[in-house]
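A short worksheet on the structure shown next.
The values are calculated or read from the model by the stated rules, or taken from the named source; none is laboratory data. Worth saying up front: this structure is predicted, and the values here are computed from it rather than measured. Don't worry about glycine lacking a Cβ; one is built from the backbone with ideal geometry, like all the others, and counts go over all protein chains shown. For the accessible areas, the whole protein counts, side chains as well, though only heavy atoms, and no ligand, DNA or RNA atoms are used. Shrake-Rupley method; radii C 1.70, N 1.55, O 1.52, S 1.80 Å.
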Amino acid sequence: MILEPGEVELAKRVRQKNSWRNRHWALATCILWLSTPILAQAAESAAPGTEQATPPSTAADSAENAPAPSEQTAPAATPEPAAAASASAEPATASSAPEGSAPTGSNEPVAEQGVKEAPAPSAQEALGPKTGLYFGIFGGAAFGMSNGVGALDSPPLFSAGGRAAVGTAAVGGIEVGYNFRSIALDSAKQYWLQPAAQFEAFYLGQATESGSLTGGVVGTPGLSAYQFGSNLNMGVFLVDGVAKFVTPIGLVPYIGGGVGGVYLASSGTSFVGPSGADLLTTGSYAQGAFAGQGLVGLQYNIGKHWSLFAEYKILYIKETQFSYLMTSGNTMLIKYPDYFNIAIAGLRFNF
């Protein structure tokens with residue numbers, strides 16, 4: 001086929017243009033291949049400890065495996081921007097930190113940073129004031145005081161009086177209380193005054209009361225000795241107000257007092273006359289009475305919730321009148337107040 005002079009010139013220009021395009025493409029591929037290790041090294045310096053998401057040779061391999069442009073294809077500017085986009089995307093991928101890695105400036109993994117151990121209670125929490133509800137159990141002994149006892153019967157009018165001693169009795173009970181907000185007593189806030197209120201219920205068991213009473217029928221000359229004895233079991237219920245002095249070493253001395261009631265049950269009561277015969281036919285009687293107490297104690301905080309305590313109480317039971325049937329058919333009234341020294345120890349749980 002014979003080409004015209006104009007066609008020859010046009011074909012020559014097309015070959016020159018395709019030759020320049022191929023040389024530009026080869027040059028861009030070479031520059032991209034040489035710059036990839038430098039960009040990867042820069043990404044490693046910016047984010048130490050991370051791994052490359054894409055190997056350095058990936059972009060270069062992609063460029064080498066890309067098909068060469070056809071000589072008959074019309075000129076286009078798409079390959080150069082695509083290669084540039086690949087080059088710019090690669091360092092961004094390499095610099096991205098893998099999921100779960102620590103943030104900048106931290107040596108701990110994110111998973112470990114999210115799990116924090118609960119802080120141990122401070123000394124003030126463990127040994128200091130404990131606001132809120134508390135519950136306690138306790139036990140100990142009650143030591144009775146000498147009480148005045150009177151006996152009265154009529155007709156004829158009989159009167160006898162004297163003193164009776166009260167033996168030792170066992171004590172066991174529970175308490176429920178509330179510690180109110182404490183008041184700091186010093187600027188360093190190491191010493192506190194803390195008010196509290198509590199309800200306590202305890203059993204005071206088998207207190208033996210006995211004594212000698214002197215008396216007789218009114219208007220009859222001469223007095224005789226009568227022997228009195230009774231066993232007492234009591235349920236005591238009191239509401240107390242308490243003031244606690246909290247120290248920084250966990251020791252909490254306190255003082256308080258309370259009022260309430262007591263249910264007394266007597267058994268085995270006897271009233272023996274000069275002849276040696278018991279003048280009573282019934283020896284049991286139950287009666288309620290008013291009760292009050294004063295107390296001092298010492299508490300030791302052994303932790304955030306638990307405390308040990310020891311306490312001394314003086315319990316007063318108002319004069320109580322017991323009514324017993326006599327062998328004569330009359331009723332004898334025996335009345336006496338009761339006082340007890342009580343020593344207890346126990347355990348409290350602070351909620």
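When nucleic acids and ligands are ignored and a 1.4 Å probe is applied, Phe290 ends up with an accessible area of around 100 Å². Evaluating 6.51 cos²θ - 1.76 cosθ + 1.60 at θ = phi - 60° for every residue in the stretch 301-313, the Karplus couplings come out as 7, 9, x, 5, 10, 9, 9, 9, 8, 10, 8, 10, 10 Hz, glycine and proline recorded as x. Summing +1 for each Lys or Arg and -1 for each Asp or Glu among the other residues whose beta-carbon sits under 10 angstrom from that of Gln194 gives +3.
Which order do Val166, Val217 take by accessible area at a 1.4 Å probe, largest first?
Details: Val166 15, Val217 55 Å².
Order by accessible area, largest first: Val217, Val166.
Of all accessible surface on the stretch 200-270 at a 1.4 Å probe, what whole percent is carbon and sulfur? Walk me through the numbers before you get to the answer.
Working: 1950 of 2810 Å².
Of the solvent-accessible surface of the stretch 200-270, carbon and sulfur hold 69 percent.
For Thr247, the solvent-accessible surface computed with a 1.4 Å probe is close to 20 Å², ligands and nucleic acids excluded. Quick one: grab the alpha carbon gyration tensor of the stretch 220-351, order the square roots of its eigenvalues as a ≥ b ≥ c, and give me rounded if a/c is under 1.5, else prolate or oblate depending on whether a/b is larger than b/c. Prolate, because a/c is 1.5 or more and a/b exceeds b/c.
Solvent-accessible surface of the stretch 167-308, taken per residue with a 1.4 Å probe and all protein chains present: 46 Å².
For Lys304, the solvent-accessible surface computed with a 1.4 Å probe is close to 100 Å², ligands and nucleic acids excluded.
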